[in-house]
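Notes follow once the structure below has been shown.
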Amino acid sequence: MKRSRRLYLHMYVALLASALLCLAVAAFAFRSLRDAGGPPRERMRRAAVMLPERLPDARAADARARLAQIADDFGVDIVVGDDTGPFVGVPSTDAVPVPRRPVPGWRRDRSGPVMVTPLDGDVWAAMRPHGRQLRVNPFFATLAILAVVMAVGSYPVARWVTRRLETLAQGVERWGKGDLGHRVAVSGSDEIATLATTFNQAAERLDLLISQQREMLANASHEMRSPLTRLRMGLELIAEEPDESRRRGMVDRIHRDIVELDGLIEDVLLFARADTRVPRRPLGPVDMRALLAEEAERTDATVEGDARPAITGDGALLRHLVRNLLENARQHGGGGPVRAVLAMDGSTVRLVVEDQGPGVPEPDREHIFAPFFRGASTTGTTSTTGHGLGLALVRQVARYHGGDVVFQPRPEGGSRFEVTLPLDPPTSGSETPPPRRPGS
């Protein structure tokens, strides 16, 4: 199993690498920028101490050569003079601008610090660091270099993260504007990739749900059109029919059409209410044994099993689940007996309904729970009687309570439907199974 790489680890490693790079650059920059001889004032102090020893006679013939050596050793410009003014200097006698009779001590001009120190008699020496320009402060220069390195090093990391987020945002925006078939690209295996994958899955689920709702609406509209057409024609004809007995027959047919239309509308509403994605109504204890006995009496079904489970659920929806299973078995059972078995399996309730009809053709067994599915056969569970929401409603109610329903052919012939329900379904609603297109 491939382990997901975490985004925060990527960023942590990148920042750690940037910090190490900054340390290396800082060390190199400080080493390169710092003055090898020490700070300028310290160098001038040391040069002032060495001058009397290394330049015993400032007016000697080799005085300039000795002065040049001292200037080179300590990195300073030096001018030596007396009351008449400078008489020898490195690199020249005007290298350090001072008054004719300078006062010993420190002063500062535009080029930096200047030190005047007395020598023998009225001889004095003035010095300052090499060069007429201010030297770069190594500490602040290193900070500036570090800032540049951090800015350059952090940009690829920030751009890498934001570019992927921008791509994801653009994909979501495109999807939000109506392009429901659009999916965002998934790259990497970190949190951003997980977010993109989750979005694609959610978009796919929503696309399928919208397709299901559209197809269900189209099917419901088609199913409603037939009784509505018969109602309209019956009302038009009944006003012109003079025979009282035939008029009563027309009224009976209109009443049956109204009952059929009312049943279809009720099933559609129940199907929507039993959707596992909608908030739950308050659930309460339901005596499944008593509920099954009441509905079995209506359809002359036989109830077996001694279990008396009391599950937590929606009583109205569970009653429709049981009623639809028993009605389905009675209508498509070929007139044979219908058998219902209620049993307990740990914390799960099992309800089995069997009939002795012709069963379900094998090609239709994967589709009989789809809304408004019509099989190729006119006999068995997928016949044209009813309006195609019975078994779909059974599955929806079962999943609403955290369970499910499956179909199995009986070896001796007929159909067997098994519903499993937990005693205590999740309070926030059972997790919705991956949506499937109607008929799939």
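The values are calculated or read from the model by the stated rules, or taken from the named source; none is laboratory data. The structure displayed is predicted, hence computed values, not measured ones. Positions of Cβ are backbone-derived with ideal geometry, glycine not excepted, and every protein chain shown enters the neighbour counts. When the accessible area is computed, the model is the full protein with side chains, heavy atoms only, and any ligands, DNA or RNA have been set aside. Shrake-Rupley method; radii C 1.70, N 1.55, O 1.52, S 1.80 Å.
Some observations on this one:
- Members of region 160-213 that are under 25 Å from ALA14 (Cβ atoms), outside any loop (DSSP other than H, G, I, E, B) and among the β-branched types (Val, Ile, Thr): VAL161, THR162, THR167, ILE192, THR194, THR197, THR198
- Tally of residues being open to solvent by less than 50 Å² (accessible area, probe 1.4 Å) and at pLDDT below 85 across region 185-202: 4
- VAL352 passes every criterion in (1) farther than 19 Å from LEU389 by Cα; (2) surrounded by fewer than 15 Cβ atoms within 10 Å (Cβ to Cβ) apart from (2).
- Residue among ARG323, ARG330, ARG298, ARG308 that is loosely packed, with under 15 Cβ neighbours inside 10 Å, charged (D, E, K, R), under 30 Å from ARG225 (Cβ atoms) and modelled with pLDDT of 85 or more: ARG298
- Hits in region 137-173 - residues which are among the hydrophobic types (A, V, I, L, M, F, W, C), within 18 Å of the chain's Cα centre (by Cα) and open to solvent by 80 Å² or more (accessible area, probe 1.4 Å): TRP160
- Residue within region 222-242 that is modelled with pLDDT of 75 or more, part of a helix (DSSP H, G or I), loosely packed, with under 12 Cβ neighbours inside 10 Å and of a type in the set (Val, Ile, Thr) present: yes
The rows are residues; the columns are (1) modelled with pLDDT under 80; (2) in contact with a helix residue (DSSP H, G or I) (Cβ under 6 Å, 6 or more places away or on another chain); (3) not polar (S, T, N, Q).
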{"position": "ARG64", "(1), (2), (3)": "no, no, yes"}
{"position": "LEU67", "(1), (2), (3)": "no, no, yes"}
{"position": "ASP77", "(1), (2), (3)": "no, no, yes"}
{"position": "SER111", "(1), (2), (3)": "yes, no, no"}
{"position": "MET127", "(1), (2), (3)": "no, yes, yes"}
{"position": "VAL149", "(1), (2), (3)": "yes, yes, yes"}
{"position": "VAL157", "(1), (2), (3)": "yes, yes, yes"}
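- The condition of being modelled with pLDDT under 85 and under 25 Å from GLY284 (Cβ atoms) holds for only one of THR432, THR378, that being THR432.
- Among the numbered conditions (1) surrounded by 12 or more Cβ atoms within 10 Å (Cβ to Cβ); (2) modelled with pLDDT of 75 or more; (3) of a type in the set (Gly, Ala, Ser), the only one that GLY176 does not meet is (1).
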